[in-house]
């Protein structure tokens, strides 16, 4: 049996250090819901999702109470809807409403998969579908959207990069009365993963089984307090060991919850995503971990090195603790969702350019970044292209979730509330890249793609 | 199944009795108890065995948490598997 110190350590992690299971996400394939009649297709989606996931929330709540571990969100990811829309045609927003209806019936927090995969080019009605995203996000509240515009194997679809700049601006503009929330529910990916349980980028890949359960664990607070309590003179490799141990424990918990949920829902267990996902709560910050390693403030020199170590140590600690690690696994650096990042962005220590460098070594990319309403669509496309290039060349997932703050002056904050947090408006280098973006075409796949 | 009841709070008369009585009320068998007092803070870990349904366990867990609040005690009832998963290989 476990000794009392270990018991108290676990309870302290949950009570004082915000350890939680961020999400139980059920991935559901909708390929068998495709129909040439869009209304029939929507109805099939509603029937399938509400049948497969009917107990998802209840099981999540039960496990949470029984094991005493908070499970913050219950979510669903579905097959990219653009595939179904290519079959049915018609107004794609009908699909968004069908997904919203599922979310309302089930009482889940988010449903992701209003997505398109266009890394090498548009197929079917992809372009029309992508143009519908702003309206879909405005007219629904729990639906999330993502578009994959590049990959190491395919290169970058610059036509889609151009379009996504416009779509992001439009999504923010038409939801300006609701804190531009549309753009906060939309992610642009390079090398999107098919088993990601985290929003807004979750979708159920076509290579996945019919229904699976993924678990996303979190715990920046736990790692932070372990690093903080370490001696200031400890060599940095020993800090890496401390992080690995914590990551191992957190992942074991995720594995347990995932297996239990899988058993109770009678759905195969997919993966544990062991991401350090910060929340605006005090102490639940990735930036604070970097600062605890020895930085005065996140964003200064040394930040990228610390983040690289953190991201790697989290994975090394986690992989042996779970039968199947997947998703995005690593450290997230969303600005508005992280108390330390928010304050570093406010003080000017953390800039967009530094964040871009950090995304080369963390698990995703430029996340929850608020920029001026005057930022042009082509500038946003340029930021997406830069970020996608980092992902493409380094064979890693990168993403952009950027929010032009319509209805706000440049000295104001954009406050989303809840898990999405609050952010000052960050400075953008507005030197025009319009000529590049307007060229269109594809950035050819890099040499790394020729691995066969 | 076995569960761990942890009780942390300012020391006061009858904590052990209160928790033990609740265990009796809910038909929970106490298998092991250890307690310490550090600088006026009372800490108790109880290992209990549970034989009735999962729903009853959840009800017991919620009841104990609220019961603890009445006396300024932090009481948690958690399935033992969570500790085994985290700390045993």
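Structural remarks
- Here is the size of chain A from its Cα atoms: Rg then Dmax, 20.8, 67 Å.
- Its residue count N fixes a reference of 2.2 N^0.38 Å for segment A:351-443, and the Cα radius of gyration divided by that reference is 1.12.
- Based on the Kirkwood approach, the hydrodynamic radius assigned to segment A:305-351 is 12.3 Å, with every pair of different Cα atoms included.
- Reduced Cα scattering model of segment B:2-87, Debye log10 I(q)/I(0), q = 0.13, 0.26, 0.27 Å⁻¹: -0.39, -1.45, -1.52
- Overall dimensions of segment A:1-94 by Cα: Rg and Dmax, Å: 19.6, 62
- Across segment A:120-209, the fraction of Cα-Cα pairs farther apart than 19 Å, rounded to a whole number, is 40%.
- q = 0.14, 0.21, 0.22, 0.24 Å⁻¹, segment A:52-106: log10 I(q)/I(0) [Debye, one scatterer per Cα]: -0.51, -0.82, -0.86, -0.95
- Between residue A:8 and residue B:71, the FRET efficiency estimated from the beta carbon spacing at R0 = 30 angstrom works out to 0.95.
- Hull volume per residue, based on the alpha-carbon atoms of segment A:163-204 and their convex hull, is 70 Å³.
- Segment A:22-190 - share of DSSP beta bridges that are antiparallel (%, nearest 5): 10
- Ranking of A:214, B:76 by neighbouring Cβ atoms within 10 Å, starting from the fewest: B:76, A:214.
- Sequence of B:51, A:320, A:351, A:303 once ranked by neighbouring C-beta atoms within 10 Å, starting from the fewest: B:51, A:320, A:351, A:303
- Coordinate range along principal axes, alpha carbons of segment A:352-400, Å, largest first: 32, 16, 14
- Where both bridge residues fall in the protein assembly as shown, DSSP classifies roughly 55% of the beta bridges as antiparallel.
- Each DSSP beta bridge with both residues in segment A:216-440 is either parallel or antiparallel, and the antiparallel ones are about 25%.
- Compactness relative to 2.2 N^0.38 Å, alpha carbon Rg of segment A:22-190: 1.05
- For segment A:216-440, the alpha carbon positions stretch 50, 47, 35 Å along the principal axes, listed from largest to smallest.
- Spatial extent of segment B:14-60: Rg and Dmax, with the Cα atoms as the point set, Å: 12.2, 39
- Principal axis dimensions, segment A:151-305 - Cα atoms, whole angstrom, descending: 51, 44, 37
- Segment A:180-221: Rg to Rh, with Rh as the Kirkwood radius over Cα pairs: 1.02
- Unit Cα scatterers, Debye sum, segment A:61-139: log10 I(q)/I(0) for q = 0.12, 0.26, 0.27 Å⁻¹: -0.42, -1.23, -1.29
- Segment A:324-391 versus segment A:45-93: alpha-carbon centroid distance in Å: 27
- In percent, rounded to a whole number, the relative contact order of chain A is 18, using alpha-carbon pairs under 8 Å and six or more apart.
- Shown for segment A:19-60 is the translational diffusion coefficient from the Stokes-Einstein equation, using the Kirkwood radius over Cα pairs, a temperature of 10 °C and a viscosity of 1.306 mPa s: 135 µm²/s.
- Estimated from helical segments only, the mean residue ellipticity of the protein assembly as shown at 222 nm is -13500 deg cm²/dmol, where each DSSP H run of four or more residues counts as -39500 (n - 2.57).
- Sorted by Cβ density within 10 Å, fewest first, the residues B:89, B:45, A:342: B:89, B:45, A:342
Every number here is computed from the coordinates shown, using simple stated rules; none is lab data. This one's a predicted model, so the numbers in the text were calculated from it and none came from an experiment. Cβ: placed from backbone, ideal geometry, glycine included. Neighbour counts: every protein chain shown.
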